[in-house]
1. Every residue in the stretch 216-252 that is in contact with a Ser or Thr (Cβ under 6 Å, 6 or more places away or on another chain) and closer than 20 Å to His308 by Cβ, please.
2. With respect to Leu113, is the statement that it is more than 15 Å from Ala183 (Cα to Cα), at pLDDT 85 or above and outside the structural domain of Gly422 (by TED's automatic domain parsing) true?
3. Answer yes if at least one residue in the stretch 214-226 is surrounded by fewer than 20 Cβ atoms within 10 Å (Cβ to Cβ) and more than 24 Å from Lys136 (Cβ to Cβ), and no otherwise.
4. Filter the stretch 102-119 for residues that are more than 20 Å from Leu254 (Cβ to Cβ) and not hydrophobic (A, V, I, L, M, F, W, C) and give the result.
5. Identify, by number, the condition in (1) free of Cβ contacts under 8 Å to residues at least 60 places away in the same chain; (2) crowded, with 23+ Cβ neighbours inside 10 Å that Ala184 doesn't meet.
6. Hey, does the stretch 223-237 have a residue that's within 20 Å of the chain's Cα centre (by Cα), assigned by TED's automatic domain parsing to the domain that holds Asn102 and modelled with pLDDT of 90 or more?
7. For the stretch 328-338, indicate whether the set of residues that are in contact with a helix residue (DSSP H, G or I) (Cβ under 8 Å, 6 or more places away or on another chain) and not β-branched (Val, Ile, Thr) is non-empty.
8. Being of a type in the set (Asp, Glu) and either in a loop (DSSP other than H, G, I, E, B) or crowded, with 17+ Cβ neighbours inside 10 Å (or both) is the filter here; which residues of the stretch 94-115 pass it?
Amino acid sequence: MKKKGLAAGVVMGLAMLTGCSNTNQHKKHNNNHGQPSSSIVTTEDINGTSLSTNEPGSDVTEITTEVVLPAGLKDGPDVKDIYVDTVDDIMSFLDGEWVMVNSGNPISETPALKIEFYEDKKKCTITGEDGQAFVKADISFQNAFEDDNNANLIGLKPESTSDGYVTDQEKFLNETSFYQILAATVDGQYIISLREIGNEDTMMSGEIFKFKNVSGDKAWIFKKDIPEEETVLLEEGNEALKVKGTGFYANRWLDLGDSVFLQRIDINLFMDNWYGEDMEMLYPIYTDDPYNNYAIKYKIKDNEKSAHSPVFETDIVYVETDENGDITKISKPEYLGFGYYNNILAVEDHKPAVNDEFLGEWVFDEDGESLLKISEDSTENGEYKIEFTFKDLYTVTGNANITDDNLVMNQGYINEDYWFVGIFSKVDDKLIFKVVESEYEGLNQGKEMNFKKK
């Protein structure tokens, strides 16, 4: 939920995660192993001192330019130069409890895993979905790219775990998993994504984070509330920070169908051989803009009817905007692995495809008679048309859009008078409808209804 506050930037030193745009040179990566030779470069200093060298010939330089506030923004107590490069800064940002956003779905009812980072110990505790099982882990830092001296990989080395929480405890306690970490302030919350770098098959990923919970380009999303004393971007600040009338790369964090939250980035482009194929590759670099941690909300032009429930994406896109800052085109490079993308841009179709699994007639389990009809919608109020008559008590009509594996009612009415919202989920051969909000007493919030195909 968005909090009130000054329209100023909460600057948390996120540049240490991927570096600064004006300090990196475009280098060619040579290798004979089918992946960039720069896939993991160990940073020796992980004890809180500077990771940058600032020696002659170093790619990293200090940024001392004065912060210029965009129009419409106020100078808050935490607006400062964001070029920071120490592990202590990273741990300061991570300190506290983060809650996983399962499969990028912020309205998921599934219990979520939690991570609590301890700034003073460089450790963390991971608590399972049951709220009981746990993993305690040591934290280390590395960097992913040879011409980036900043810590953008976090290593998790299990120290202990609950009995029976993993299938092979000895193996688990001897593995270190490395995750590329990205972060942003998105719609009034701090958000991080963790994406495993390497073979992506460690037990931490497969058995603790679980691959079913990934979103976007193979990343797990975690959220944390912004402290009351820190400032939050308001509408006028969002408008002032929009990039208008041009094209740019961005981390896409939150997709609403008719709009998206984008964090502008720079990229490093280079040619390399990826498993036998020469291609132009890229990886992200944060800009040196003092507000680079904000994901800005952009409307997608002429896409109002494709609005759906929020979904966290955490992927890279290239967008073009008009003079008003509305998006006219979104293209997406292909994620390859090890933090790298193929710079072949595929234009996205923002009209979600209809999932045939939902279409057809469904019978209400409780009475074996009441019929639910789901069909393609030709009126463009949503991809699906919903019709359901429950005995002689009420009639449900409305429209819905597909969101990942769920069908979300964005316009529903009971007896044409009472408004409601709900979610259809496909589980094996059954269709489960759960009421999210309702004005009708006979269809209360949280009520679930099960259907089977006629």
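1. Gly216, Ile221
2. yes
3. Yes, some residue in the stretch 214-226 is surrounded by fewer than 20 Cβ atoms within 10 Å (Cβ to Cβ) and more than 24 Å from Lys136 (Cβ to Cβ).
4. Correct list: Pro111, Lys114, Glu116, Tyr118, Glu119.
5. (1)
6. yes
7. Checked the stretch 328-338: no residue is in contact with a helix residue (DSSP H, G or I) (Cβ under 8 Å, 6 or more places away or on another chain) and not β-branched (Val, Ile, Thr).
8. If the condition is that a residue be of a type in the set (Asp, Glu) and either in a loop (DSSP other than H, G, I, E, B) or crowded, with 17+ Cβ neighbours inside 10 Å (or both), then Asp95, Glu109 are the ones that fit.
The values are calculated or read from the model by the stated rules, or taken from the named source; none is laboratory data. Here the structure is a predicted model, which means the values were calculated and not measured. No Cβ is skipped: glycine too gets one built from the backbone with ideal geometry, and neighbour counts run over all protein chains shown.
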